[in-house]
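> Handing you a structure now.
The values are calculated or read from the model by the stated rules, or taken from the named source; none is laboratory data. Quantities reported herein were computed from a predicted structural model and do not represent experimental measurements. Methodologically, a virtual Cβ is constructed for each residue, glycine included, from the backbone with ideal geometry; neighbour enumeration extends over all protein chains shown. Heads up: the accessible areas ignore ligands, DNA and RNA and are worked out on the full protein's heavy atoms, side chains in. Shrake-Rupley method; radii C 1.70, N 1.55, O 1.52, S 1.80 Å.
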Amino acid sequence: QVQLEESGGGLVQAGGSLRLSCAVSGRTFSLYAMAWFRQAPGKEREFVSRIRWSDSSTSYEDSVKGRFTISKDNAKRTVYLQMNSLKPEDTAVYYCAASYMTWSTEANSYTSWGQGTQVTVSS
């Protein structure tokens, strides 16, 4: 299992940018994928973006395509989520997650989770 720690959240005006980081420690050699999810108050946790550990293939939820970019730095053992053109509806707690088995958009496929970082976008 890996341990995950997110950082980089904060308060930003609509149209602004933030970069979230997820520091990964522990067993990374057998990781299959990393992902970002988010959860707004009163809503279920939803998929945002994922990256496959082996070849850095990526995918995005439709509402963030063209605005968010997921990437990783193997040397720093860190996964990033660059968020541009932020909207008030992006306000949520953002979580990074790790999977050893699948490249899924389903939260229950991910076995390791960080504690989350709050992103608040004001209008």
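> Taking segment 27-46, which residues are of a type in the set (Phe, Trp, Tyr) and either in contact with a helix residue (DSSP H, G or I) (Cβ under 9 Å, 6 or more places away or on another chain) or crowded, with 21+ Cβ neighbours inside 10 Å (or both)? Show your work before the answer.
Filtering segment 27-46 down to residues of a type in the set (Phe, Trp, Tyr) leaves 29, 32, 36-37.
Selection gives 36, 37.
> Name the one entry in 80, 100, 94, 110 that is more than 15 Å from the chain's Cα centre (by Cα), open to solvent by less than 50 Å² (accessible area, probe 1.4 Å) and of a type in the set (Phe, Trp, Tyr). Quick ask: steps written out before the conclusion?
Working: 80 fails: more than 15 Å from the chain's Cα centre (by Cα); 94 fails: more than 15 Å from the chain's Cα centre (by Cα); 110 fails: more than 15 Å from the chain's Cα centre (by Cα).
Criteria check complete, one pass: 100.
> Could I ask something else about it? Conditions: (1) in contact (Cβ under 8 Å) with a residue 12 or more places away in the chain; (2) open to solvent by 40 Å² or more (accessible area, probe 1.4 Å). Residue 74 meets all but one. Number of the miss?
(1)
> For segment 47-60, give me the residue count where each residue is without any contact (Cβ under 8 Å) to a residue 40 or more places away in the chain and surrounded by 13 or more Cβ atoms within 10 Å (Cβ to Cβ).
Result for segment 47-60: 5.
> Another question, if that's okay. Can you say whether residue 21 is modelled with pLDDT under 95, assigned to a strand (DSSP E or B) and within 14 Å of residue 6 (Cα to Cα), as far as the supplied structure shows? Before you say what the answer is, go through the steps one by one.
Numbers: modelled with pLDDT under 95: no; assigned to a strand (DSSP E or B): yes; within 14 Å of residue 6 (Cα to Cα): yes.
No; evaluated as a whole, the condition is false for this residue.
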